[in-house]
Amino acid sequence: MTLAHRERLALADLLAEVGPDAPTLCGEWTTCDLAAHLVSRERRPDALPGVAISALAWRTESLRRSYAKRPYADVVGLFRSGPGHLSLFSLPGLDRMFNATEYAVHHEDVRRAQPEWQPRDLPLPVQDSLWKAVTSRASLSFRGLDSRVVLRRRDRPEVEPSVHGSGETAVTLTGEPMELLLFSFGRRDHARVDVTGDPDAVSALAATSLAF
């Protein structure tokens, strides 16, 4: 079972468990809103352009709202069953490439919006996969900074740090791969990451939006 499929099923279970009106870390979205986003994203190819092109965002939002009006259990069921045959995400490899981090982050968006949440105890192979994901996208996540960003694994300190950027100052982020992934996706207030380094670089990072 791929990480994307594992996270899909776990997220679907959690969405069903908490119901349609639970909060998430996605702004004002409830779990109903998030479930509708997940389904429209992978079942309606015409929803994808609006994710990257602001002028088309109205279409993406319209499609999401149309799914949000359906019975919640049906929407969660659609998400659990996977992309339709006409979806780009049904092509071999694309689910693994684009959905593993999407579902891992949104899974935590639901988990960490609930009272008394705790980080999951993830198997080492899962954390290794997330480490590859977070280091491969770090240059994009931190592209607005003039300083270097150094990523360090708290769970495996023997692993070579991942360095991004070439500024004279540096900021170091230390945490487990899942925590670093959440931080890089703009969930810094709910990610257990230690931020150290040059004070100016740390301040610049704190002032930079990492949300996608």
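Among the residues making up the stretch 63-102, a single one is among the aromatic types (F, W, Y) and farther than 12 Å from V39 by Cα: F98. The residues on offer are D109, D121, D128, and the sole one that is touching a residue at least 12 places away in the same chain (Cβ under 8 Å) and either in a loop (DSSP other than H, G, I, E, B) or under 25 Å from R43 (Cβ atoms) (or both) is D109. Residue check: is A55 open to solvent by less than 40 Å² (accessible area, probe 1.4 Å) and among the small types (G, A, S)? Taking the combined requirement at face value, the residue does not satisfy it. From the list G93, G84, G27, G50, the lone residue that is modelled with pLDDT under 95 and buried (at least 17 other Cβ atoms within 10 Å of the Cβ) is G50. When residues in the stretch 128-158 are screened for being among the basic types (K, R) and under 17 Å from the mean Cα position of the chain (by Cα), 2 of them pass. Selection of the stretch 131-156 for residues being open to solvent by 20 Å² or more (accessible area, probe 1.4 Å), out of contact with any strand residue (DSSP E or B) (no Cβ under 7 Å at 6 or more places or on another chain), of a type in the set (D, E, K, R) and not in a helix (DSSP H, G or I) yields R143, D146, D155, R156. Strands (runs of 3 or more DSSP E) fully within the stretch 157-212 that include at least 1 residues being touching an Asp or Glu at 6+ places or on another chain (Cβ under 8 Å) and surrounded by 21 or more Cβ atoms within 10 Å (Cβ to Cβ): 170-175. Here Y103 passes the criteria (1) in a helix (DSSP H, G or I); (2) more than 17 Å from F183 (Cβ to Cβ); (3) in contact (Cβ under 8 Å) with a residue 40 or more places away in the chain; (4) in contact with a Phe, Trp or Tyr (Cβ under 9 Å, 6 or more places away or on another chain) except the one numbered (4).
The values are calculated or read from the model by the stated rules, or taken from the named source; none is laboratory data. This is a predicted model, so every value here is computed, not measured. Glycine also receives a Cβ, built like all others from the backbone with ideal geometry; neighbour counts cover every protein chain displayed. When the accessible area is computed, the model is the full protein with side chains, heavy atoms only, and any ligands, DNA or RNA have been set aside. Shrake-Rupley method; radii C 1.70, N 1.55, O 1.52, S 1.80 Å.
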